[in-house]
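Structure, as structure tokens:
The values are calculated or read from the model by the stated rules, or taken from the named source; none is laboratory data. In this text, all values refer to a predicted model and were calculated from it rather than measured experimentally. Here the Cβ positions follow ideal geometry from the backbone for every residue, glycine too, while neighbour counts run over all protein chains shown.
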Amino acid sequence: MKFKRKNISSLIIILLFTIIMLSLVPSKAANTSITFWNMEMLLDDVNNYEGVRLVSFFLPTCPSCINELDVLKELEQNYSITIFELDAQKQSTNQTLIDFKGDHSLPDEWVLGYSTDESEIYFEIDRVPSIVILDDNGDVAAVIKGSASYNTLSEKIEDAIHKRTTNYPTNYSNTNKRSDNMLLAFAIILGVGITVVVGYFVVKGFISKS
């Protein structure tokens, strides 16, 4: 029983093909999770919603956050997007959200909630207002800290709508995640390949002794 060069070449080709195919499979972690406590005080996720999404981290006592509401209302009129207003200071009830919505006549289509520590840490939210824009794949199209003008936000929304990924922030890019997937796939396939080869020679040696 000989392990021919042809067999080795075939094995290498199969392993390389498998690595390439696995690297092209979208990662489950590709979409960025932005969790929040909704108006029912239940844990929700921005990825449960469709389309281009604009997530605004705010505080009810922040003048810049309140001034930015008019900009967000104008954006909603001109673009088909879902707007999230996430209070960065979680409360035990939703009364703060109810009051904020009523005081500033926010549209019913807007999603209000309290942001979670995980979401704030992931995006390093150290000031309000801060805005995260996701495209319809859930990829991060923009992260803007501090007040933003209508023109700035509209440009980022256009990037998300048209998936101009070259304008996306690189530190949240799925390219890095895909590279991680490729390395993981390579490690798995390499391990399987080594196991197969070693197993073959062990069996071959056992048969030779018999």
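When the stretch 37-71 is examined, which residues are found to be touching a residue at least 40 places away in the same chain (Cβ under 8 Å) and assigned to a helix (DSSP H, G or I)? Spell out the reasoning first.
Kept after step one, since they are touching a residue at least 40 places away in the same chain (Cβ under 8 Å), are these residues of the stretch 37-71: 37-41, 43-44, 46-47, 49-60, 62, 64-65, 67-68, 71.
Result: V46, N47, S64, C65, N67, E68, V71.
Is it the case that some residue within the stretch 19-30 is within 24 Å of I161 (Cα to Cα), surrounded by 12 or more Cβ atoms within 10 Å (Cβ to Cβ) and at pLDDT 95 or above? Break it down into steps so the answer makes sense when it comes.
In the first step, residues of the stretch 19-30 are kept if they are within 24 Å of I161 (Cα to Cα); the result is 24-30.
Those still in the list that are surrounded by 12 or more Cβ atoms within 10 Å (Cβ to Cβ) too: 26-27, 30.
Those left that are additionally at pLDDT 95 or above: none.
Taking every residue of the stretch 19-30 in turn, none turns out to be within 24 Å of I161 (Cα to Cα), surrounded by 12 or more Cβ atoms within 10 Å (Cβ to Cβ) and at pLDDT 95 or above.
Quick check on my filter: what residues within the stretch 124-144 are surrounded by fewer than 21 Cβ atoms within 10 Å (Cβ to Cβ) and free of Cβ contacts under 8 Å to residues at least 40 places away in the same chain?
E124, D126, R127, V143, I144
Checking the structure you have, find out if any residue of the stretch 177-192 is modelled with pLDDT of 80 or more and either over 30 Å from T93 (Cβ atoms) or not in a helix (DSSP H, G or I) (or both). Working first, answer last.
We begin by selecting, within the stretch 177-192, every residue modelled with pLDDT of 80 or more; these are none.
No.
Report yes if S64 is of a type in the set (S, T, N, Q), surrounded by 12 or more Cβ atoms within 10 Å (Cβ to Cβ) and modelled with pLDDT of 95 or more, otherwise no.
Judged against the criteria, S64 is a match.
In the set S154, S147, which member is under 14 Å from I83 (Cβ atoms), in the same structural domain as N78 (by TED's automatic domain parsing), hydroxyl-bearing (S, T, Y) and surrounded by 15 or more Cβ atoms within 10 Å (Cβ to Cβ)?
Answer to the check: S154.
Considering A160, A141, which residue is in contact with a strand residue (DSSP E or B) (Cβ under 7 Å, 6 or more places away or on another chain), under 16 Å from V52 (Cα atoms) and either acidic (D, E) or assigned to a strand (DSSP E or B) (or both)?
Of the residues listed, the single one that is in contact with a strand residue (DSSP E or B) (Cβ under 7 Å, 6 or more places away or on another chain), under 16 Å from V52 (Cα atoms) and either acidic (D, E) or assigned to a strand (DSSP E or B) (or both) is A141.
Search the stretch 107-138 for residues being among the aliphatic types (A, V, I, L, M) and touching a strand residue (DSSP E or B) at 6+ places or on another chain (Cβ under 7 Å), and hand back the single one that is nearest to V52 (Cα to Cα).
Residue satisfying both the conditions and the ranking: L134.
Name the single residue that is farthest from T116 (Cα to Cα) among those in the stretch 77-96 being surrounded by 17 or more Cβ atoms within 10 Å (Cβ to Cβ) and not polar (S, T, N, Q).
Y79
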